[in-house]
Amino acid sequence: MGGFCQFTKLPEVNVVKLPSSVSFNDAAAISMVGLTSWHMVVGRANILPGQCVLIMGGTSGVGMVGIQIAKLHNCDVIATAGSKEKMDKCLEIGADYVDDPINIFLLA
């Protein structure tokens, strides 16, 4: 069955009722970047509370969710962003420290 079918059959565990405050577009976006972020930050990196996590590209979709997932796990978050506006956005969504990616590489 394709994505454009009128009806489909799924296991109940694979279906989530959207709250009225969440649009279909927002739900589609978070299901794409959210799963990727979760897989990388929790599944691959296996972050633990109290760790310091570096999120490259903090204002990309995956980066923004990655910052929030790391904060959810009580981690300190360093994010990278290339402009003042983007740096401010990273701080707004939870990053503890933000810098230009060039400066991060110079520190290494």
Item to check | Options G61, G66, G57, G34; residue that is on the phi > 0 side of the Ramachandran plot, touching a helix residue (DSSP H, G or I) at 6+ places or on another chain (Cβ under 7 Å) and surrounded by 11 or more Cβ atoms within 10 Å (Cβ to Cβ) | outcome: G57
Next on the checklist: Restricting to region 76-93, count the residues that are surrounded by 15 or more Cβ atoms within 10 Å (Cβ to Cβ) and touching a helix residue (DSSP H, G or I) at 6+ places or on another chain (Cβ under 9 Å).
Outcome noted: 8
Checklist entry - Looking at (1) outside any loop (DSSP other than H, G, I, E, B); (2) under 13 Å from the mean Cα position of the chain (by Cα), which is the only condition A27 fails? => result (2)
Checklist entry - Give me the pairs: first residue in region 27-54 and modelled with pLDDT under 95, second residue of a type in the set (D, E), beta-carbon distance under 9 Å, and six or more apart or on different chains, which are they? => result none
Next on the checklist: So, restricting to strands (runs of 3 or more DSSP E) that lie completely within region 34-108, which ones have at least 2 residues that are in contact with a Phe, Trp or Tyr (Cβ under 8 Å, 6 or more places away or on another chain)?
Outcome noted: 76-80
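The values are calculated or read from the model by the stated rules, or taken from the named source; none is laboratory data. Please read all numbers here as calculations on a predicted model, not as lab measurements. We place every Cβ from the backbone using ideal geometry, glycine too, and count neighbours over all the protein chains shown.
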